[in-house]
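The values are calculated or read from the model by the stated rules, or taken from the named source; none is laboratory data. Remember, predicted model here, so these are calculated numbers, not experimental data. Neighbour counts run over all protein chains shown; Cβ positions are idealised from the backbone, glycine included. Areas reflect the complete protein model, heavy atoms only, side chains present, ligands, DNA and RNA absent. Shrake-Rupley method; radii C 1.70, N 1.55, O 1.52, S 1.80 Å.
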Amino acid sequence: MSIPETKFALNQQVVYPSQGVGKITEIFEKKFKDKEILYYKIYLPVSDMVVMVPVDKAEEIGIRCIVSADEAQEALNMLGDSFEPITSDWKLRYQMNLDLLKKGSIKDIATIVRCLYNRSKVKELPILERKLYDSAKKLLEDEISLAAHIAEKDVESAIHSKLEPPGKAHEPKHSIEIVEDEDDDDEDFMNEDEEEEETPSSENDSDEEMEDTEIDAGADSDDDL
């Protein structure tokens, strides 16, 4: 049986927001409730995971193509722009940036990196924010590297140069009211966040969950990467 035409092609590099940059290694059909469902199998090098996403849900969850070289340069330049400071309430700040990560445009990712990098110069980031910063920065590096055909180490240097331009400090556009910092509540918020986090579906999950997104730990040994 021939596979129908899909938006994303076999071996195409794509961005999966909140997961990373990956490569489509297979497009296949899988039977579900007497119905054939078409899936993308995507390998994510950053986590060494294989993610299986229903083709008709891919755009809904934000999977997109790698941007052009010009768009990658625009995102890189954003890192050196003046910025509006946001609340020092880290819980609110974390949620705002997490929402941006889920939206997943390259400019959203650059905004997270710029925000959290500059916040870290004021005060050490709580654990959850540090993880969010690391994830966003890695995603930005990977996409710019692929879009502009530049080595990752060179992209990393370029990002640092934009965040820390020689002899020039970032200045906020204007000051805003700063609320009391609540970084000390990091551990409690981590517990709340872990309880709310969705668990990836597996073969033992309900039928409804299986139809959405399946994640297999570790890449299949016979995947053609």
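Within segment 65-87, residues that are hydroxyl-bearing (Ser, Thr, Tyr) have Cβ atoms under 9 Å from residues that are open to solvent by 50 Å² or more (accessible area, probe 1.4 Å) in these pairs: 82/171; 82/172; 82/173; 87/96; 87/176; 87/177; 87/178; 87/179, counting only partners at least 6 apart in sequence or on another chain.
Would you point out the residue of segment 94-117, among those that are polar (S, T, N, Q) and buried (at least 16 other Cβ atoms within 10 Å of the Cβ), that is nearest to residue 129 (Cα to Cα)? Walk me through it before giving the result.
Filtering segment 94-117 for residues polar (S, T, N, Q) gives 95, 97, 105, 111.
The next check asks that each one be buried (at least 16 other Cβ atoms within 10 Å of the Cβ); those that pass are 97, 105, 111.
Details: 97: 9, 105: 19, 111: 14 Å.
Among those residues, the one meeting the criterion is 97.
Which residues, taken from segment 1-55, are of a type in the set (Asp, Glu) and over 19 Å from the mean Cα position of the chain (by Cα)?
To start, the set of residues in segment 1-55 that are of a type in the set (Asp, Glu) comprises 5, 26, 29, 34, 36, 48.
Hits for segment 1-55 are 5, 26, 29, 34, 36.
Residues are listed down the side, and each one gets a yes or a no for (1) touching a strand residue (DSSP E or B) at 6+ places or on another chain (Cβ under 9 Å); (2) within 27 Å of residue 158 (Cα to Cα); (3) modelled with pLDDT of 95 or more:
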| site | (1), (2), (3) |
| --- | --- |
| 35 | no, no, no |
| 40 | yes, no, yes |
| 55 | yes, no, yes |
| 61 | yes, no, no |
| 64 | yes, yes, yes |
| 67 | yes, yes, yes |
| 75 | no, yes, yes |
| 80 | no, yes, no |
| 89 | no, no, no |
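Residue 124 falls short on exactly one of the conditions (1) in a loop (DSSP other than H, G, I, E, B); (2) modelled with pLDDT of 90 or more; (3) crowded, with 16+ Cβ neighbours inside 10 Å, and that condition is (3).
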